[in-house]
Every structure is written in structure tokens, then in C-alpha cells.
Ligand SMILES: [Cu+2]
Ligand SMILES: [Zn+2]
């Protein structure tokens with residue numbers, strides 16, 4: 001009783017099966033590598049998700065902190081401020097990461113990568129650095145969150161870190177949301193540089 005004379009049809013298939021197994025292992029390795037790269041990229045992104053900006057007034061005194069965090073669309077700015085005049089105030093991102101007191105003119109105009117005009121109510125607007133007003137209470141404190149859908153903490157022309165960074169500025173008055181170039185919001189009373 002010997003082996004059958006015909007060749008086992010599984011022989012040729014097992015050869016291909018082995019090749020297929022190798023291909024699957026290779027694919028799994030590639031997937032794993034891709035996952036690890038993704039995890040690494042995510043970890044790096046997480047590192048820059050929150051940035052803390054200290055704001056100082058014209059006398060160089062701290063008026064508190066703004067925590068800027070990346071959202072799916074834009075950023076959120078959580079304000080925890082003190083020592084400010086009560087009432088409504090304008091807040092914007094300005095073009096340069098420079099806050100030279102007392103006038104903070106070094107921060108330049110509003111952050112405006114798309115070369116638009118000022119204000120949400122301006123038909124030719126608005127600057128990427130424009131935001132809604134926030135309120136300071138009768139004790140001079142403000143705990144508020146403002147949003148900016150037109151900037152990011154990532155890369156590209158709308159990043160708050162582009163061209164060496166930007167500055168967060170608070171003004172003496174409220175923004176009228178239409179007057180170019182700064183919403184008729186008065187003096188710059190506090191400034192915080194944003195740079196890497
Ligand atoms: Cu401003
Ligand atoms: Zn503006």
C-alpha cells in the first residue's frame with residue numbers, strides 16, 4: 001500500500017497558502033506601524049492642545065490667565081481675569097507675539113491671514129482674530145469662555161503660531177463688530193503673547 005500515484009492537489013495550494021499567511025503577517029505589521037505612528041501623532045497633538053497665556057496690563061501687572069484649547073473647529077479661550085474695569089470689553093488675536101507696554105502697539109493689527117475687514121457684521125469681514133465681547137463684573141473679575149472658529153493651534157496660515165506667533169489683547173471698550181480696523185474698541189489695556 002503505497003501513496004497514490006497522483007500528486008496531492010493540496011501541495012500546490014499549501015504553497016500559496018503560506019505566501020498568503022506571510023502577506024497577512026506583513027499587513028498586520030504595517031497596520032501596527034501605522035497605529036503606532038497615529039498614536040505618536042496624537043500624543044504630539046495632545047501636547048499642544050492647551051496653551052496658557054498670561055495677560056498683563058499697561059503697568060506690567062498680571063491680570064490673569066487665558067487657556068486656549070483646540071476644538072474640532074477653531075479654538076476656545078477660557079478667561080480667568082482680575083483687575084480690569086467693569087463692563088463689556090473687546091478681545092482679539094493680534095498679528096504679532098509682542099506685548100510692549102504701555103500701548104501694546106507692538107502687537108500690530110488684528111490677526112488677518114485672509115486680508116478681510118473688521119467685524120462679524122462687516123460685509124467685507126471678518127478678521128480671523130475677531131471674537132465676541134466678554135464681560136467683567138463689578139469687582140473687576142471675569143470668568144468667561146470665548147470662541148474663535150477661524151484660528152487653530154496647528155499649522156498653516158490660520159495657526160496662532162504662524163509667522164512667529166500672535167497676541168491676545170483686551171480693549172478698554174466693547175467691539176461694535178463692524179468698524180474697520182478694530183471695532184472702535186479703544187485702548188489696548190491688556191496683552192499676552194502667544195508663541196512656541
Ligand atoms: Cu484688539
Ligand atoms: Zn478685527
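We did not get these values from a lab; they are worked out from the coordinates using the rules stated. Remember, predicted model here, so these are calculated numbers, not experimental data. Cβ coordinates were reconstructed from backbone atoms using ideal geometry, including for glycine residues, and neighbour counts include every protein chain displayed.
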Original post:
Rounded to the nearest 0.05, what FRET efficiency do residue 196 and residue 138 have when you use their Cβ-Cβ distance and R0 = 30 Å?
Top reply: 0.20
**OP:** Evaluate 2.2 N^0.38 Å with N set to the residue count of region 50-194, then give the Cα radius of gyration divided by it.
**Re:** 0.93
Subject >> Cα pair count fraction exceeding 16 Å, expressed as % - region 135-182 >> reply: 59
Subject >> Computed lengthening from residue 82 to residue 58, 0.36 nm per intervening residue step minus Cα-Cα distance >> reply: 7.2 nm
**OP:** Find the centroid of the Cα atoms in region 164-196 and in region 46-115, then give the distance between the two in whole Å.
**Re:** 8
**OP:** At 7 Å along the Cα-to-beta-carbon direction for both residue 50 and residue 157, put a label point, then send me their distance in nm to one decimal.
**Re:** 3.3
